[in-house]
Amino acid sequence: MSLKKQDEMDHNAWLKSQDLTVIETAFLTTLIWLDKRLRIVDYLELLETMYYRANLQMPKSHTEQYDLDNKFWYWYPLYSLGSLSILAYLVAAVSGALLGFYYSPSTAGAVAQGDPTAAYDSVIEIMQDVQFGFMLRSIHRWSAQFMVAAVFLHMLRVYFTGSYKEPREVNWILGIVLIGLTLLFGFTGYVLPWKQLSFWAAQIGVEMALATPLVGEWAAQLLFGGFTLGQATLVRMYILHVFILPFVVTALIALHVGIVWVQGIAEPH
Amino acid sequence: MTDDTHTPTDSSGTATEYRAMTDGGTDDQARTDGGPPATVPPDDETPTWTERKERRQGLSQLTYQYFERSRREDEDLRAASTYVERDVLGFPTWPHETIRNLAISSFFVGIMLLVSALLPPHFGEPANPGVTPAIILPDWYLYWSFGLLHLDPINPEIAVLGGDKVMSDELYGLVAHGVIFGIIGLVPFLNKGSARRPVEEPFWAALGVAGVIFSVTLGVLAIQNLVPIGLDLLLNLVFLLPVLGGIVTYAVLKTMREGYMYDLNRRYYMLRPPK
Ligand code: HEM
């Protein structure tokens, strides 16, 4: 018995016996290399299914099938508003991640009242020194505005097409939570540059929190890090804006769209 | 067929016969491949499903009962239905749907980039806790919320309490938010049924239009010091304009509905003229 490893399936020999182009050889070599390690052949079936899924026929909608387009075509673009919210959200996420490389959530550096802080200066730096930084900030701000607008209009289209009705109440409620969180996203982002309006918007926020009965002071401390604004406020707004809200909102959007998938779109009739 | 090895070969002569029969697909005797049965029959220890269900109590039993009802309902509906399965009438995902979606997406992203390039964002003074700015404003999408906080002139003062307000003005604004979100959340529980078009439900459409106008007028209230209208008049407008918009919407939709009915009636009378 030889010590040499028995290789019943000598794939390399098989490869050599084929008459293959360079590309084919490279492809198969990679495939074999990966398959030896990860056994991707086991997942081939899944891949195949995915391939056929991508070549699926999307069923005609009720309106298309029964040729009601002449009555309803003007509603149709409004059905893309939910997707447009997601699109704007994605653009905001990407540009926001890039802004995050340069922004620093700190109120340090102000000697006297009204002096620029580190946060303020970092935004100035983004706008003046960073390559493409001005455009980046512009994109981030505008995509946020587009997202809010799209969400609001999406809500109106759901309302005026009666799409919130009976089996879809859960998604309506979820949508209310989503629009609230979207606005909170905007609010926390507005505070971050720590300019005059940021500061006084946050000031109104603290006053509102404090006015809440029973939990007021607790809420003010949790959200704003105290009763007067400062470093703690800025960091909390920052963590909300770049850490907590992105996870929560992304998860809820996935759930929201998942429910639409399961329930099917409510079509006009 | 590849099941030669599994074909029962108690008498070797029948093996080929079996193959011939299965190939034709006309086997009236159902046969397994010859292996053991796929499921293990329950022994005395294993409760059957019925027994399991009966042993259950309380909530899990209710769950079972409801599931069974609902499954039966499904089956009944399916049995009663005249629906015929058809091939999907549709458009291919690739390229039709994909290209359309890509076009819409690129258009929208393009518009966003264009607007970002044309209208650069404003940047203000650094924060100064010592100086309250003349105009405190959030972004436009929070104007309505800011307007709700400016409702303090109509925060009721209770005469019995010697003119004291029951709530602080801030709390009053917060409660207003709660009321608005609450009303929006209640909508699907109040309005049910299969109507979808605004003409079908003029009241709800009117309510929606009133809500939209209200969100705008509240936004104007938020910038009241920039609006050249007296506060009293402005407050009245904030509440009257939405009502007015609602009434107009209601009237328009009702009229449209009458119009549809008129068309239907006219067609009916043309076919069957009244004597
Ligand atoms: C972050 C915000 C939101 C995102 C990303 C989002 C996304 C979507 C998407 C992609 C759809 C599929 C249909 C369409 O695009 O029109 C949808 C449907 C729906 N959305 Fe939203 N949505 C959001 C906010 C809201 C809000 C604020 C509401 C209402 C309060 C809402 C209620 C609904 C309902 C009821 C449906 C089902 C409509 C139908 O079946 O026709 N959503 N959403």
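The values are calculated or read from the model by the stated rules, or taken from the named source; none is laboratory data. Source: prediction; values computed, not measured. Please note: Cβ atoms are built from the backbone with ideal geometry, for glycine as well, and neighbour counts cover all protein chains shown. The area values use the complete protein model at the heavy-atom level, side chains included, leaving out ligands, DNA and RNA. Shrake-Rupley method; radii C 1.70, N 1.55, O 1.52, S 1.80 Å.
Of the residues making up segment B:218-244, those that are closer than 14 Å to B:Asp152 by Cβ and not β-branched (Val, Ile, Thr) are B:Leu218, B:Leu221, B:Ala222, B:Gln224, B:Leu231, B:Asp232, B:Leu234, B:Leu235.
The residues on offer are A:Ala232, A:Ala251, and the sole one that is assigned to a helix (DSSP H, G or I) and either at the interface with chain B (Cβ under 8 Å from one of its Cβ atoms) or within 15 Å of the ligand (Cβ to nearest atom) (or both) is A:Ala251. The set of residues in segment B:179-211 that are of a type in the set (Val, Ile, Thr) and surrounded by fewer than 18 Cβ atoms within 10 Å (Cβ to Cβ) comprises B:Val179, B:Ile180, B:Ile183, B:Val199. Counting residues in segment A:101-124 that are within 25 Å of the chain's Cα centre (by Cα) and either β-branched (Val, Ile, Thr) or within 11 Å of the ligand (Cβ to nearest atom) (or both) gives one or more. Of the residues screened, A:Ser106 is not one that is assigned to a helix (DSSP H, G or I) and among the polar types (S, T, N, Q). For segment A:154-179, taking the residues that are more than 6 Å from the ligand (Cβ to nearest atom) and hydrophobic (A, V, I, L, M, F, W, C), the one that is farthest from B:Gly211 (Cα to Cα) is identified as A:Val170. State whether one or more residues within segment A:197-204 are within 16 Å of the ligand (Cβ to nearest atom) and either free of Cβ contacts under 8 Å to residues at least 12 places away in the same chain or more than 7 Å from every other protein chain (Cβ to nearest Cβ) (or both). No - not one qualifying residue is present in segment A:197-204.
Of the residues making up segment B:233-243, none is within 10 Å of chain A (Cβ to nearest Cβ), closer than 21 Å to A:Gly162 by Cβ and away from the ligand (no atom under 16 Å from the Cβ).
Output the residue which, of all residues in segment A:65-86 that are over 31 Å from the mean Cα position of the chain (by Cα) and within 12 Å of chain B (Cβ to nearest Cβ), is farthest from the ligand (Cβ to nearest atom). The extreme case among them is A:Asp67. Among the candidates A:Phe152, A:Phe146, the residue that is in contact (Cβ under 8 Å) with a residue 40 or more places away in the chain and at negative phi is uniquely A:Phe146. The listed residues are A:Ile173, A:Ile239, A:Ile204, and the only one of them that is assigned by TED's automatic domain parsing to the domain that holds A:Ala88, open to solvent by 20 Å² or more (accessible area, probe 1.4 Å), in a helix (DSSP H, G or I) and closer than 27 Å to B:Val187 by Cα turns out to be A:Ile173.
In segment A:254-269, of all residues being open to solvent by 70 Å² or more (accessible area, probe 1.4 Å) and in a loop (DSSP other than H, G, I, E, B), the one that is nearest to the ligand (Cβ to nearest atom) corresponds to A:Ile265. When residues in segment A:99-146 are screened for being among the charged types (D, E, K, R) and buried (at least 17 other Cβ atoms within 10 Å of the Cβ), 3 of them pass.
Among the residues of segment A:8-51, the one identified as under 30 Å from B:Thr93 (Cβ atoms) and over 38 Å from the mean Cα position of the chain (by Cα) is A:Glu24.
Before we move on, is B:Phe214 assigned to a helix (DSSP H, G or I), within 14 Å of the ligand (Cβ to nearest atom), open to solvent by 40 Å² or more (accessible area, probe 1.4 Å) and within 16 Å of A:Met155 (Cβ to Cβ)? So B:Phe214 does not fit the description; no.
The single condition from (1) away from the ligand (no atom under 11 Å from the Cβ); (2) open to solvent by less than 40 Å² (accessible area, probe 1.4 Å); (3) aliphatic (A, V, I, L, M) that A:Leu183 fails is (1).
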